[in-house]
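Notes to accompany the following structure.
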């Protein structure tokens, strides 16, 4: 068994019986009570029968989430995939279809698109689940290679920290310190005046957030590697605290997007060891489920400056007609687009990959997929999501959805497998496992163009602070080292 595996399992005080009770209670809540309560509280208006498929997705998503958090395994990439799927493709879509209460930002949705869209969503989920499960079972039977973990470079960390502080300071100087307490509408309007081009604006926001976010995690890693009693530990502690304070300004829960704030907050918790043991992981993942169900909708009060903390009515009314949960309908729009003569295969993904090319050089550069779909449908409001299903549809049709989600299942399973040890013992992969899994929520909701700039900035910063192990040591181990 690896050192990280022992560390992860040593403090797991839950017996098999306690875990069974926990997973049973969670399934009874997320996969049975919530769907059953939805059917009881939201009458079927007869719009379409697509809700039967989305309800099935919610039930299975509830089962998957329950098993993960109760087991306490830090498989965060898989966890955040299912958290998004459960809420957006399952619960929210079912409520909106049954109530026939479509978000006002996506009007005029034909009921004839509902069932084909639901099948496309199910195709993606099934492809992901099949590929993910096959990968996990294959690796469990064949053992695994375990590599010596890369560490963090102290010198590069110090330089990134200074650059991150400078970039965050530039952002605050341009936007004003008051941006931290402005409501979302006011903050977006201010940033739009400074950087009118959405892709450019997204890059500057990313530069203000992710360099210092990565630097804070790296500083914490360096501090842990510094011998006790060394005065440098106090310096590093002050640096980390100051970095967190800066993040509180540039990624304020009041003015920044909820997904950005959530990414920063969860990453900091992981830095501090919230996924180091199974018990802590249960608290973290269980808390995240609760936060997305109960806290995420309440944070919408900061969008327009309202101080009303109450829900609209019942629990499910939060999803009814709510533009925050427009994912299903944007997939429907993408399906319609993919079947039209307007589709140009690969064009949108090319725009995302070449996000850094100025529009002056490339005048007909593709716009954000959410904006493109809004223009296609003639909507007056263009700030719409473009879920991963939609991105695949507009780039390659239904076939791209099937193939793309199979690849996604393998990739995320592989990443979770590599992160298992890092969550326990840290190292450079500990930084990766703190930031990228929760960023999955942003990637899943889309659009890809807006998300690409931030992920490239984050990956660049992560690569910069990495210090490779002197020599990779290959160890052969059986399935027990991953499951103990």
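The residues on offer are 25, 41, 70, and the sole one that is out of contact with any strand residue (DSSP E or B) (no Cβ under 7 Å at 6 or more places or on another chain), modelled with pLDDT under 95 and surrounded by 18 or more Cβ atoms within 10 Å (Cβ to Cβ) is 70.
Where helices (runs of 4 or more DSSP H) fall wholly inside the stretch 47-109, no range has 3 or more residues that are at positive phi.
Taken across the stretch 49-65, residues that are surrounded by fewer than 24 Cβ atoms within 10 Å (Cβ to Cβ), within 30 Å of residue 425 (Cβ to Cβ) and in contact (Cβ under 8 Å) with a residue 12 or more places away in the chain do occur, with at least one present. Restricting the stretch 259-279 to residues that are more than 12 Å from residue 438 (Cα to Cα) and without any contact (Cβ under 8 Å) to a residue 60 or more places away in the chain, the residue that is surrounded by the most Cβ atoms within 10 Å (Cβ to Cβ) is 274. For the stretch 359-372, the count of residues that are at pLDDT 80 or above, more than 29 Å from residue 109 (Cβ to Cβ) and out of contact with any helix residue (DSSP H, G or I) (no Cβ under 7 Å at 6 or more places or on another chain) is nonzero. When the stretch 404-431 is filtered for residues that are without any contact (Cβ under 8 Å) to a residue 60 or more places away in the chain and either within 30 Å of residue 366 (Cα to Cα) or part of a loop (DSSP other than H, G, I, E, B) (or both), only 411 remains. Answer yes if at least one residue in the stretch 224-233 is within 24 Å of residue 262 (Cβ to Cβ), in contact (Cβ under 8 Å) with a residue 40 or more places away in the chain and assigned to a helix (DSSP H, G or I), and no otherwise. Checked against the condition, which is being within 24 Å of residue 262 (Cβ to Cβ), in contact (Cβ under 8 Å) with a residue 40 or more places away in the chain and assigned to a helix (DSSP H, G or I), the stretch 224-233 yields no hits at all. Only a single item in (1) modelled with pLDDT of 85 or more; (2) surrounded by fewer than 16 Cβ atoms within 10 Å (Cβ to Cβ); (3) within 29 Å of residue 98 (Cα to Cα) is not met by residue 242, and it is number (3).
Scanning the stretch 183-214 for residues that are outside any helix (DSSP H, G or I) and at pLDDT 80 or above yields nothing. Taking the conditions exactly as written (in contact with a strand residue (DSSP E or B) (Cβ under 6 Å, 6 or more places away or on another chain), at pLDDT 75 or above and crowded, with 16+ Cβ neighbours inside 10 Å), does residue 151 satisfy them or not? Yes: the conditions hold for residue 151.
Hey, any hits in the stretch 374-381 for a residue that's at pLDDT below 85 and either within 18 Å of residue 453 (Cα to Cα) or surrounded by fewer than 20 Cβ atoms within 10 Å (Cβ to Cβ) (or both)? Yes, the stretch 374-381 has at least one match.
The values are calculated or read from the model by the stated rules, or taken from the named source; none is laboratory data. Every value quoted in this text rests on a predicted model; they were computed, and no experiment measured them. With ideal geometry, Cβ positions are generated from the backbone for all residues, glycine too; neighbour counts draw on all protein chains shown.
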